[in-house]
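Remarks on the structure that follows.
The values are calculated or read from the model by the stated rules, or taken from the named source; none is laboratory data. As the structure is a prediction and not an experimental result, all values here were calculated from the model. Note: ideal-geometry Cβ built from the backbone for every residue, glycine included; neighbour counts use all protein chains shown.
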Amino acid sequence: MKAVILKRTCEANELVTSEINIPKIKEGYVLVKINAFGINRSEIILRQYEADEDHITLPIVPGIECVGTIIESLSDDFKKGDRIVSLMGGMGRSFNGSYEEYALLPTKNVFKIKGKLWNSLSTEEIAAIPETYFTAFGSLFECLMLNSDDVLLIRGGSSATGLTALALAKVIGCKIITTSRKKERVSKLLSLGADYVLIDDDNLSDKVHEIYPGGVSKILELIGPKTMSDSFKCLEKQGICCVTGVLGNQEFIKEFDPIKYLPNGKYLTSFFSNHPTQEIIDDIFEFVIENNVQTSIASVFYSLDDICKAHELMESNNAQGKIIIKLEDFE
């Protein structure tokens with residue numbers, strides 16, 4: 001079978017496909033035929049520098065999510081032909097991930113997709129959901145406890161997660177401010193349902209207070225530590241900021257002193273997407289279908305050989321939606 005094997009940190013154009021053996025089934029795992037998978041920022045980070053760290057054992061097949069079909073199973077919970085999603089829990093880091101035609105995946109990382117979905121969504125649309133929707137859904141409803149009375153600021157709004165958060169938040173009827181660094185993206189964000197779109201130059205607070213003098217009640221911070229201090233200035237008293245992304249390419253705040261850094265009466269949380277469950281996956285797909293939430297797909301590639309192009313597009317920050325590699329439609 002074909003697989004993309006990461007042997008060292010490298011540039012996007014150095015990624016290549018190789019021929020390797022299809023893995024053999026073993027207890028606690030299922031063998032999955034990969035139908036499609038999405039490209040994620042964490043896979044770029046792995047390729048660029050994380051692969052050099054001690055907790056990564058190389059070589060490794062990257063890829064933190066996929067949708068696929070069970071080919072072989074020793075578990076009573078899964079049978080041949082089951083259509084599944086798999087994500088996180090060490091996928092693509094602790095064990096081989098989705099950048100291959102067949103993957104041996106732990107059953108704890110594998111979740112069935114219910115039947116009615118197949119009449120509603122294409123393979124590409126299904127592939128756009130697992131990691132991005134899990135992240136956006138958890139950030140908004142578990143961490144931010146978003147409701148219809150809130151004013152939500154999405155910082156990093158033209159990213160795949162930002163666009164997903166916009167679609168999910170619009171369903172419940174809250175007011176939404178979203179952001180972009182490029183003026184040409186404003187009209188698209190407004191057409192997708194944003195109430196306001198701000199150009200983000202790392203200093204948003206004055207612009208936000210012009211619209212809502214008291215600040216906003218909830219912030220989804222996808223830029224990360226780079227803009228977090230300014231985001232707190234955008235919050236009203238008792239407001240909550242959820243840090244979920246690191247689009248600003250800064251993962252940490254040096255010499256972080258929470259007592260001095262965090263404003264009185266404003267709250268910081270984060271969403272860690274490493275622990276999905278079947279119940280959560282069911283809830284997400286049900287929400288998407290019942291509310292006719294439109295997945296935002298930027299580009300679809302149709303071969304593992306296109307992995308370089310997919311990574312280059314992700315790195316360019318010009319995708320404005322999910323990047324998908326589709327190997328085969330579901331039967």
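Data overview
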item	result
Residue within region 72-85 that is under 17 Å from Cys10 (Cβ atoms), under 19 Å from the mean Cα position of the chain (by Cα) and in the same structural domain as Pro23 (by TED's automatic domain parsing) present	no
Any hit, region 298-320, residues being surrounded by 15 or more Cβ atoms within 10 Å (Cβ to Cβ), in the same structural domain as Ile39 (by TED's automatic domain parsing), β-branched (Val, Ile, Thr) and modelled with pLDDT of 95 or more	yes
Within region 153-238, strands (runs of 3 or more DSSP E) holding 2 or more residues that are surrounded by fewer than 20 Cβ atoms within 10 Å (Cβ to Cβ)	196-199
Boolean, Ile219 is in contact (Cβ under 8 Å) with a residue 24 or more places away in the chain, farther than 27 Å from Val197 by Cα and either among the β-branched types (Val, Ile, Thr) or assigned by TED's automatic domain parsing to the domain that holds Ile45 (or both)	no
Identity of the residue in region 206-234, among the small types (Gly, Ala, Ser) and modelled with pLDDT of 95 or more, that ends up nearest to Gly156 (Cα to Cα)	Ser231
Subset of region 7-42 (residues that are in a loop (DSSP other than H, G, I, E, B), among the β-branched types (Val, Ile, Thr) and crowded, with 19+ Cβ neighbours inside 10 Å)	Ile39
For Ser120: the one exception among (1) surrounded by fewer than 18 Cβ atoms within 10 Å (Cβ to Cβ); (2) outside the structural domain of Val32 (by TED's automatic domain parsing)	(2)
Residues that are touching a residue at least 60 places away in the same chain (Cβ under 8 Å), farther than 28 Å from Ser191 by Cβ and touching a Leu at 6+ places or on another chain (Cβ under 8 Å), drawn from region 291-310	Leu304, Ile307, Cys308
Scan of region 241-267 for residues that are buried (at least 19 other Cβ atoms within 10 Å of the Cβ) and at pLDDT 95 or above, ordered by number	Cys241, Cys242, Val243, Thr244, Lys266
Neighbours by Cβ (under 8 Å, 6+ apart or cross-chain): first from region 1-27, farther than 23 Å from Thr107 by Cα; second polar (S, T, N, Q)	Thr9/Gln48
Inter-residue pairs, beta-carbon under 8 Å, first free of Cβ contacts under 8 Å to residues at least 60 places away in the same chain and in region 158-187, second surrounded by fewer than 21 Cβ atoms within 10 Å (Cβ to Cβ) and part of a helix (DSSP H, G or I), 6+ apart	Ile176/Lys170; Ile177/Ile211; Ser180/Val186
Residue check for Ser270: among the hydroxyl-bearing types (Ser, Thr, Tyr), under 24 Å from the mean Cα position of the chain (by Cα) and surrounded by fewer than 18 Cβ atoms within 10 Å (Cβ to Cβ)	yes
Of the criteria (1) out of contact with any strand residue (DSSP E or B) (no Cβ under 8 Å at 6 or more places or on another chain); (2) buried (at least 19 other Cβ atoms within 10 Å of the Cβ); (3) of a type outside the set (D, E, K, R), which one Ile325 fails	(1)
Residue match in region 270-287 (condition: touching a helix residue (DSSP H, G or I) at 6+ places or on another chain (Cβ under 7 Å), in the same structural domain as Arg47 (by TED's automatic domain parsing) and aliphatic (A, V, I, L, M))	no
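Quick grid of which residues meet (1) modelled with pLDDT of 95 or more; (2) crowded, with 22+ Cβ neighbours inside 10 Å; (3) closer than 19 Å to Thr164 by Cα; (4) of a type outside the set (Lys, Arg):
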| site | (1), (2), (3), (4) |
| --- | --- |
| Gly89 | no, no, no, yes |
| Pro106 | yes, no, no, yes |
| Lys114 | no, no, no, no |
| Ala136 | yes, yes, yes, yes |
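Per-residue answers, yes or no, for (1) touching an Asp or Glu at 6+ places or on another chain (Cβ under 9 Å); (2) more than 25 Å from Lys188 (Cβ to Cβ); (3) not hydroxyl-bearing (Ser, Thr, Tyr):
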residue	(1), (2), (3)
Leu235	no, yes, yes
Cys242	yes, no, yes
Asp257	no, yes, yes
Tyr261	no, yes, no
Ile284	no, no, yes
